[in-house]
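Participant: Okay, handing you the structure first.
The values are calculated or read from the model by the stated rules, or taken from the named source; none is laboratory data. Keep in mind the model is a prediction, meaning the values are calculated, not measured. Cβ: placed from backbone, ideal geometry, glycine included. Neighbour counts: every protein chain shown.
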Ligand code: 3SL
């Protein structure tokens, strides 16, 4: 993972794992989950099993881990059972990326599903932004890079004082410009789209590539993600930046 090479003080880190961890987390918030505790290892979830009002989810290699009823499909979070509960979740890549970024001044979770709400907040916070792409087992992937390109385009075009000389950001922007009119089609030969298709999860891929299904802005407070949009919004994020001053 390249994160340590880019980590910088006073930067807002946006963690993204389009397929599928951060899309699932955004969907869970949209459907009423109260907080999400991302954990790196399956063993870290055992402590939470059988707690009241806690849903425990585990995915490895694209599949729900044996013994768990929830994984990382956004569709599994579209139900009333999750309302007001805590979700403890571990996934192959996404929750590892959140763990890796824990020394950041502030961590937000992004996906295409919360794109507008996320980028509106980024513009209003007015700080340097780093998009941490979860990739696949520490390797590059296309879909997270496309999301980084979409964020880069949004910030550069917004008329704010954003600029970038990062080749990674410029490469993501260039890819996104080629892909944006049909993200699903662009990913036709990508490893992750193919991996999920082999598991009959093509509908998950399509859903995770759709824009603006939710206004949630997941923000890591301590060990839990909460939805900043329902807990003080921009003011919460600005005061977190003050509190976590580096
Ligand atoms: O959610 C994740 O960490 C993914 O990268 C794994 S999946 O293949 O989409 O299930």
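Participant: Failed condition for residue 130, given (1) away from the ligand (no atom under 16 Å from the Cβ); (2) in contact with a strand residue (DSSP E or B) (Cβ under 8 Å, 6 or more places away or on another chain); (3) without any contact (Cβ under 8 Å) to a residue 40 or more places away in the chain, with all others met?
Facilitator: (3)
Participant: Further, regarding this structure: Out of the stretch 35-52, which residues are touching a strand residue (DSSP E or B) at 6+ places or on another chain (Cβ under 6 Å), away from the ligand (no atom under 16 Å from the Cβ) and free of Cβ contacts under 8 Å to residues at least 60 places away in the same chain?
Facilitator: 48, 49
Participant: I'm told residue 27 meets every condition in (1) over 17 Å from the mean Cα position of the chain (by Cα); (2) more than 11 Å from the ligand (Cβ to nearest atom) except one. Can you identify the failing condition by its number?
Facilitator: Failed condition: (1).
Participant: Additional query: From the list 32, 84, 94, 61, exactly one residue is within 14 Å of the ligand (Cβ to nearest atom) and farther than 21 Å from residue 151 by Cα. Which is it?
Facilitator: 61 is the lone residue from the list that is within 14 Å of the ligand (Cβ to nearest atom) and farther than 21 Å from residue 151 by Cα.
Participant: Out of the residues in the stretch 186-233 that are out of contact with any helix residue (DSSP H, G or I) (no Cβ under 8 Å at 6 or more places or on another chain) and surrounded by 19 or more Cβ atoms within 10 Å (Cβ to Cβ), which is modelled with the lowest pLDDT?
Facilitator: Here the answer is 201.
Participant: Additional query: Only one of these is modelled with pLDDT of 95 or more, more than 30 Å from residue 125 (Cβ to Cβ) and in a helix (DSSP H, G or I): 115, 29, 47, 75. Name it. Outline the logic, then answer.
Facilitator: Values: 115 fails: more than 30 Å from residue 125 (Cβ to Cβ); 29 fails: more than 30 Å from residue 125 (Cβ to Cβ); 47 fails: modelled with pLDDT of 95 or more.
75 is the lone residue from the list that is modelled with pLDDT of 95 or more, more than 30 Å from residue 125 (Cβ to Cβ) and in a helix (DSSP H, G or I).
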